[in-house]
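The values are calculated or read from the model by the stated rules, or taken from the named source; none is laboratory data. Just so it is clear, the model here is predicted, and its values are computed rather than measured. Cβ placement follows ideal geometry from the backbone for every residue including glycine, while neighbour counts extend to all protein chains displayed.
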Amino acid sequence: MKNLFLFLFLFAGATLMAQEGVTMKRSTVLKIEEVPPTWPGCTGSINQKSNCLRQKLATHVVKNMKFSNDHKSGSRVIVDMVISKEGKPVINKITGGTSGMQVAVRDAVMTIPTLKPGHMGGTKKESKLELPFQF
């Protein structure tokens, strides 16, 4: 009877507390994957969410970019940023291109909607992103 109670307790606890990105294989290996930030409307597996985020983010930035007067064709601008635990973008560094292009990219990135923040094992965490833009 004791073993049955213990089995039911462990089984119920495992099913009630299942979280995205946490899997158990062969009852000895626990795998915890980082779940990326999620763009509003993106669903599916972790890989699908990651791909959707990159696609939606690139589309959003291009759509909302206001090109500067010093725009140079063939330039590359790289944005080093994180999505905070609150789902907001925080830009750490922008390199490449002209200063006007960097400002235009920064302004476009800062207009992204609030995202569902990334998490690992149910705990929210900052997610680092590096976004290259070729003009």
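Structure above, values below:
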{"quantity": "Odd one out for residue 57 among (1) in a helix (DSSP H, G or I); (2) free of Cβ contacts under 8 Å to residues at least 12 places away in the same chain", "calculated": "(2)"}
{"quantity": "Output for the stretch 34-49, where each listed residue is free of Cβ contacts under 8 Å to residues at least 24 places away in the same chain and within 10 Å of the chain's Cα centre (by Cα)", "calculated": "49"}
{"quantity": "Any hit, the stretch 46-69, residues being at pLDDT 90 or above and in contact with a Gly (Cβ under 6 Å, 6 or more places away or on another chain)", "calculated": "no"}
{"quantity": "Some residue of the stretch 99-116 being in contact with a Ser or Thr (Cβ under 8 Å, 6 or more places away or on another chain) and free of Cβ contacts under 8 Å to residues at least 24 places away in the same chain", "calculated": "no"}
{"quantity": "Any hit, the stretch 79-89, residues being closer than 14 Å to residue 62 by Cβ, in a strand (DSSP E or B) and over 12 Å from the mean Cα position of the chain (by Cα)", "calculated": "yes"}
{"quantity": "So residue 66, is it charged (D, E, K, R) and not in a loop (DSSP other than H, G, I, E, B)", "calculated": "no"}
{"quantity": "Flag if residue 132 is within 15 Å of residue 57 (Cβ to Cβ) and touching a residue at least 40 places away in the same chain (Cβ under 8 Å)", "calculated": "yes"}
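Quick grid of which residues meet (1) exposed (fewer than 13 other Cβ atoms within 10 Å of the Cβ); (2) more than 23 Å from residue 36 (Cα to Cα):
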{"site": "59", "(1), (2)": "yes, no"}
{"site": "69", "(1), (2)": "yes, yes"}
{"site": "82", "(1), (2)": "no, no"}
{"site": "94", "(1), (2)": "no, no"}
{"site": "98", "(1), (2)": "no, yes"}
{"site": "130", "(1), (2)": "yes, no"}
